[in-house]
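This report refers to the structure that appears directly beneath it.
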Amino acid sequence: MNTYKSFWMGGFEGADHVNGRQQPLDMVRDSGHLRQVDRHYGKLRRLGIQTVRESVGWRSVKPTVSSSYDFTRLRLRAAVATRYEIQIIWTLMHYGTPDGVSLLDDSFIDHFAEYAREAALVIKDYDEKPVINLINEISFLAWAVSQTDYMWPYQGRYEGAGGESARLGYQVKCRLVKAVLKGLEKVREVLPNARFLHVEPLLHVVAPADRPEQGSHRRAAGPVAVGRAWGPRWARTIGIAAERCQRQGPVGALRHGDKGGSTGR
């Protein structure tokens, strides 16, 4: 039996983190998808596409660590998908976390596991054998938190830290992997037939035309997230998100290729 209802998949941007300018993002809403989900799914169905990726959005359903969960938007999309016989691959965390939950603290692991279980309880009402991506692009997220100003409150804190930034990024990556492992167990308590998709970026770094000495390269990121850490029990389905970055200024400084609209997604 095929894991997915269709070979071609639709996807809707769902990032919900606070960006480096302290602007809270809610791409499911701001893109207009939430208002037009019925029309969007209808168009996909007419094209023969029956599988889509959607983001629940941890910060969107629980803005602060003390807030109650509100899965209204998940239920809305799940109900429309059921009507059109569309399969949703749910991403539980698309970069954002509730205020009061930090990627630099080990308490993140338990917070995420609790959230994963609560989300699974809602998803179960619509799909008893879902495909779930617990945390989107672990490697990109760990890098962004430790070495860039893309995400608040981590903005600029580690600029110029050199090897220390790399060590911190590895610590964040390991913490995210531990959260996924614990989240997997919690989801399986509710949905024993759930399957899991682990998505990591494939990077294509392009040197500016006037600075060829900076070099161009491609690499697959995230071996810790899809290799020995999970093993064959959990690493059944691995997805690659292709990203294109262009170097700006000194070596190592990158401008990401319009995150959220990158090629190959």
Exercise. Evaluate E = 1/(1 + (r/R0)^6) for Leu76 and Asp110, where r is the Cβ-Cβ distance and R0 equals 25 Å; express this FRET efficiency to the nearest 0.05.
Key: 0.30
Quiz item: Considering amide H positions built from the backbone, and no H for Pro or chain starts, which residues 5 or more places from Asn19, or on another chain, come under 5 Å of its amide H?
Solution: Leu25, Trp152
Practice problem: Just grab the label-to-label distance for Arg83 and Val65, each label 7 Å out from Cα along the Cβ direction, in nm (one decimal). | Solution: 4.0
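Give the peptides 134-146, 38-50, 168-180 in descending order of average Cβ contacts within 10 Å, highest first.
Numbers: 134-146: 23.8, 38-50: 15.5, 168-180: 19.9.
Result, highest mean first: 134-146, 168-180, 38-50.
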Practice problem: Work out how much length Gln22 to Ala166 would gain on full extension: take 0.36 nm times their residue separation and subtract the Cα-Cα distance, in nm to one decimal. | Solution: 49.5 nm
Quiz item: What nm distance separates the two modelled labels at Lys178 and Lys124, each placed 7 Å from Cα along Cα→Cβ?
Solution: 2.7
Quiz item: Tell me, in nm to one decimal, what length is gained between Trp152 and Leu47 on full extension, where the rule is 0.36 nm per residue of separation less the Cα-Cα distance?
Solution: 33.9 nm
Exercise. Could you run the Karplus curve 6.51 cos²θ - 1.76 cosθ + 1.60 with θ = phi - 60° over segment 90-104 and give me ³J(HN,Hα) per residue in whole Hz, x for Gly and Pro?
Key: 8, 9, 7, 10, 10, 5, x, 10, x, 4, x, 10, 10, 6, 9
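Coordinate-derived values only; no laboratory data. The structure presented is a predicted model; accordingly, all values stated were derived computationally and were not measured. FYI the Cβ positions are ideal-geometry reconstructions off the backbone, even for glycines, and counts take in every protein chain you see.
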